[in-house]
1. Would you check which residues across segment A:358-369 are part of a loop (DSSP other than H, G, I, E, B) and either without any contact (Cβ under 8 Å) to a residue 40 or more places away in the chain or within 12 Å of A:T436 (Cβ to Cβ) (or both) and list them?
2. Are any residues in segment B:239-250 surrounded by fewer than 23 Cβ atoms within 10 Å (Cβ to Cβ) and either within 21 Å of B:F344 (Cβ to Cβ) or acidic (D, E) (or both), and if so, which ones?
3. Say we look at segment A:59-78 and pick out the residues that are in a strand (DSSP E or B) and among the charged types (D, E, K, R); which of these is nearest to the other protein chains (Cβ to nearest Cβ)?
4. For segment A:182-191, name all the residues that are within 9 Å of chain B (Cβ to nearest Cβ) and farther than 30 Å from A:T247 by Cβ.
5. Restricting to segment A:378-402, what's the tally of residues that are in contact (Cβ under 8 Å) with a residue 40 or more places away in the chain and buried (at least 18 other Cβ atoms within 10 Å of the Cβ)?
6. Using the structure shown, decide if A:A61 is touching a helix residue (DSSP H, G or I) at 6+ places or on another chain (Cβ under 7 Å) and either within 29 Å of A:F141 (Cβ to Cβ) or surrounded by 12 or more Cβ atoms within 10 Å (Cβ to Cβ) (or both).
Amino acid sequence: MLSADFPWLTTLIVVPLVGAAIVWALPSSARRWVRHVAVGVALLELLLAVAAASTFDTADAGTHQLGELRGWIPQIGASYAVGVDGVGLLLILLSVVLTPLVLLAAWREQAGDVDRLRHYVALILVLETFMVAVFAARDVFLFYVLFEAMLIPVYFLIGQFGGQQRRYAAVKFLLYSLAGGLIMLVAVIALYLQGDGGPQGFLIENLVGLDLPVWTERLMFLAFFLAFAIKAPMWPVHTWLPDAAETAPAGTSTLLVAVLDKVGTFGMLTLCLPLFPNASRWAAPVIIVLAVISILYGALLAIGQQDLLRMIAYTSVSHFGFIVLGIFAFTSTSIAGSSFYMFNHGLSTGALFLLAGFLVTRRGSQLIADFGGLQKVAPVLAGTFLVAGLSALSLPGLSTFVSEFLVLIGTFARSQPAAVVAVLGVVLAAIYVLLTYQRIFTGPVRDELVRTPDLSARETWVVAPLIALMLVLGFYPTPALDLVREPATVTLEQVGVSDPEATVSTAARAVGADAAATGTSSGTTSDDEGSTT
Amino acid sequence: MTGGFTAPQIDWAALAPILIVLGAGVIGVLVEAFVPRGPRRTVQLALALVATAGAVVALAALWDGVTQDGGTVVLGGSVILDGPSLLLQGLVAVLTLLSLLVVADRTATGEDAFAPSAAAVPGSDYEQLARRQGVVQTEVYPLILFAAGGMMIFTAAGDLLTMFVALEVLSLPLYLLSGMARRRRLLSQEAAMKYFLLGAFSSALFLFGVALLYGFAGSVRLDAIAEATATVVGLDPLLLAGAVMVLVGLLFKVGAVPFHSWTPDVYQGAPTPITGFMAACTKVAAFGALLRVVYVVVPSIHWDLRPVLWAIVLLTMAVGTVVALVQTDMKRILAYSAVAHTGFILTGVVALEKSGIGSVIFYLTAYGAATVGAFAIVTLVREKAADGVVLGEATHLSQWAGLGRRNPWLAVAFSLFLLSFAGIPLTAGFIGKFAVFSSAIEGDATPLAVAGVVASAVAVFFYVRIIVLMFFTDAPRSGEPAGTPAGPAAVTGAGDTGAAGVTVVRSEGLTTVTIVVTAALTVLLGVFPAPVLDVLTGEVTRFVP
C-alpha cells in the first residue's frame, strides 16, 4: 500500500536531477546508452508520479496534499515547502508525461552526435526537476527561485541546440523573462515585509489574507502579473515566444510552450488571485480585455504565418488568452475550465510541436509552403497531425473541447461581450488548423516529398499516448475535472467573488453530468446576467 | 623622565590576525634579502599562505569572545574588534589566500604574470636580459601581504587617523603591484600611474575631511564624532563638509560613480591575478570602512546626506551597467560590472538598517568569491602566436568565442560566476542581491531597490552575451586572427602579438584550486546560505562605537 507520508514530491524533484547527473557522468564508453538511461529515468519518474497521484485524495482536491515543510533559509523567511492541490498535480502529471516523449522524439536528433545529445537529454532532465518543483512550491521565495532558475536550462537548450537565429532567440527569451522576474522580485520582498515575517514568512498560507494597503496591493499584483503575463505569454508581451519556438528544437518548444508557459497561468491562478484578491478584482476587466485581444491576435497571426513552428506558437498565444480569460472571469466553471485547459493545451500543443518536429526533420524546412500532398505518402503522420490539429480547434470528443467550453460558458456568465468575442477565436482556430492541414497534407504530392517516410514505430509511440489521452479525456473527463473543480471553488472563495447562480446551472446542463457538479459550488448571488441567460 | 606619557595597554592577542599578516610581510622582505634566488619563490609563497591561513585561524579563535561580549576596543580605541570587523577581516584573509594561489601559478608556460624586473624600461635590453635569465619578482608576495594587512586594519579602524594610515598601507602596495604586469607593460605602468595620482588625490580629500571633522568634534574617534553629531542643531558646515570629504575618500576606494574613473584602466592594466585580488579584497575592505563610518557617524545627519548618497547610488548603478554594455574587453567588462556591483552594495549601505550590515557582508562574500574566480579564469585564456608560443591574456571578447566547445569545464565555471554576478537564483549572487535589496526596502529606500532591480535586468544582458559567445558561437578557426586586440599596442614580453590564436594554458594546479573553491562557494552560498546568514543576521553583526 502506498503511503501519503512518503516524501513523494521531493522524490519526484530529485530523481530527474540524479538522472541528469548520471547522464553527464557516464564514461565515454557507455555514452551510446545515454538516450536509454534518460528515457528510463523519465519513465521511472512517470511511474513515481502516478504512484504519488494514487495517494492523492481526489475528494479533497482543493486542499494541498503530499505536503512537506522544512526550513531552508529561515533568516530570510524562506522554507522548502512543497504540496499540490488538484491543479498542481495535474500539471506535474503533464510534465512527467511529456518529458519521456520529448526524449524519445529526440532519439535521432543532433545528427547522431551522441556527445551533444548527452548534454541535450541531461538539460531536459534538469528542466524536468524544475518543472515538477515549480508546480509543487508552496513558498513564494522557493517559487520565485525556481521560476527564475529554470530559465537557465531552457536558455542553453535554445541557444546551444537551436536553429539559425538561436542566439538572438535565446537572449531575447532570457531577457524578457528575467526582466519580468526581477520586477516580481521587488514585489516578493515587499510582500514579505507586509506579512508577519519570521522564519516561515514566505509560506503562501502565511501570506494569504493579509490586510494590504490598496495601492501597495495593486502595485504588487501588477509586478507579479507582469512576470506571469510575459511567461504565459499574453499580448503585448508575447513577442519572445514565436522567436523562441521557431528556433528551438521541437522537443524544447514542446516543453517550453506546453509546460513552462503554464507556470505563468499557474502563477496567476495560485499566487496572484489568493495573495492579492482585491487587486485581482480591480484589474480583472482590463485583463479580460487583454486576454480577448490575445485570443484574436494570436489566432489572426497564426493564420498569416509561413513558418510551421511560428504558427503553432501563435496558436498558443491564442489559447493562453482563453486560459487567462477563464481565470479572470471569476466563476468556478471558468476557473475549473482554465485549469483543465492548461493540461489539455499541453497535450494538444505538445503533440503539434512534436509532429511538426518530425515534419521538419523529414523536409529540412520549416516553411509551410515547402510541403504539399503528404497525406498520400505519409498517412499516419497526416492522421495524427489532423487529430492534434482538431484538438487545437477544440473539436467535440477531444478533451480540449470540454475545457474550452467550460471557459466560454463560465465567462459568458460573467461578461457576455468577452465571451461572444472570444468565441470568434474558435472560428479562427478552425481556419488556421484546417488551412495548415490543407497546405501540408492535401493536394498533389510535391516531387521532393515522394519518398517521405511515414512515422516510424518510435515516432508513433511519441504521439500515440498524447492522442489517446486527448480522446479518453474528451469522452470521459471526470477524473481530470474532479481534480480541478475543488481548487476552483477554493480560489473563488479566496478572491471573494461568488458565482452568478443561474448561469452556472445553464452551464451545468450544457456540459452534462460531469460538469454538473461544477455548478453545485457556492453560488449565492443571482445577478441580472444570470437571469437573462 | 618619561614625562606624562603612559604606555597604552595592548591586547596583543586581539591584534594577532593583523600582526601575523603584517609580520609575515616584514619577514618576506627579509627573505628577499637573505634567501638565495632558487628557493625564494617557494619560501615566499609558503610564508604568505601560512600567514593568511594563520590570520584566519587567529580570527576564529577571537570569534567566541566577540560573540559573548559583543566586541572590544583595542589600542585605546584605534582598532575595534567587533562582529563585522572580524568577519570582514576573515573575508579579506580568505580572499587573499585564494588570490595568492592565482598569483603564484606560473601555468604550463612557466612564467608568472609579473615583469621579471619591474624597474626595467619596457622594451630595453636590460629587460630582455632579465627575462632571458629567468628573473622572478618575488617582492609580489610581501607587497600583497602588506596590502592585505592594511585592508584588515581598514575594516577595524576605530578612529579616522588609523583609518587613513590603513588606507595608505593598503593602497601603496597596490599602486606598485598594478605596474608590474609582464605583458603590455606600458598599459600596466599607465594604470599604476593613474591609480596612484587619483588615489593620492582621494587620500588628500579624506585627510582634509578628517581635519574638518576633528575641528568639529575635537576628536578623530568615530564614537566621539558620533556623540558630537547628536548635539548639533541645524547644519554644521564643518561636520557636513568633513563627512562628505571622508565619504568621498571611501567612495573612491569602492569605485562609486563619479569617483570610479580609475577602475576600468587599472583593472585592465594591472596583472590579472592582482586585478582579481584588488577587485575582491579592496572592495571588501573599503566597504567595511564605509559601513562603519556610515553606520556610526552618519545616522544623525543622514537626512542631510541622503540626497547626495542616493544620487551616487543611482549614478553608480546606471553608469556601471550602461557603460559595461558597450565594452569589448573582458577585463573592462568586469571592471564596469564591479562599478555596477558597487552600486548594488551601496543600496544596502545607505539603507541604514541593522540588517544592512549582514546583507552587505554577504554580498561582499558572494561577489568576492565570483570575482577572484572569474579573474583566475581570465589568466588562463591566452593568445597564441602562429609559431605556438603562448602570449598574454586574450581579453578581447571575440577571442572567447567557442570556449565552451573546447574547454567546457572552464566555460561552465566562468558562466557560473557570471550568473552569480547577474544575480540568477541558486547562485550566491542572488542571495546577496536579495539581501541588500531587502535591507533597502526595509530602510525606506524602495526606489533604490527598484532601480537596482532594473539595473540588474540590464546587466544580465552583458553577462549573458559572454555566455552566448562561449557556448553558442563557433570559435574562429585556429591560425586566423581572432578579432582585433583592444587597447593600445600591446608591449609583450614575447614579441609579436599579431595573428594570434587563442589557447587555454594548463594551470600548475594552484589556480585550479582557486577556481574550484570559488565555484563551490558560489553554488553552496546560493543553495544553502542558511548557516552563513545565521551568523550575519545575528546580534554579533553590529558595530561597537
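The values are calculated or read from the model by the stated rules, or taken from the named source; none is laboratory data. Fair warning: this is a prediction, and the values are worked out from it, not measured in the lab. Here Cβ is always computed from backbone atoms with ideal geometry, including for glycine, and neighbour counts include all displayed protein chains.
1. Residues satisfying the conditions are A:G364, A:S365.
2. Residue satisfying the conditions is B:V248 alone.
3. A:R70
4. Passing the criteria: A:V186, A:V188, A:I189, A:A190.
5. Final tally of qualifying residues: 17.
6. For A:A61, the condition - touching a helix residue (DSSP H, G or I) at 6+ places or on another chain (Cβ under 7 Å) and either within 29 Å of A:F141 (Cβ to Cβ) or surrounded by 12 or more Cβ atoms within 10 Å (Cβ to Cβ) (or both) - is met.
Conditions tested, residue by residue: (1) out of contact with any strand residue (DSSP E or B) (no Cβ under 8 Å at 6 or more places or on another chain); (2) surrounded by fewer than 24 Cβ atoms within 10 Å (Cβ to Cβ); (3) at pLDDT 90 or above.
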site	(1), (2), (3)
A:L271	yes, no, no
A:S280	yes, no, no
A:Q306	no, yes, no
A:I323	yes, no, yes
A:S332	yes, no, no
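Let's see how each residue does on (1) modelled with pLDDT of 90 or more; (2) in contact with a Pro (Cβ under 9 Å, 6 or more places away or on another chain); (3) over 30 Å from B:G215 (Cα atoms):
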{"position": "B:R106", "(1), (2), (3)": "no, no, yes"}
{"position": "B:Q133", "(1), (2), (3)": "no, yes, yes"}
{"position": "B:Y141", "(1), (2), (3)": "yes, no, yes"}
{"position": "B:L172", "(1), (2), (3)": "yes, no, no"}
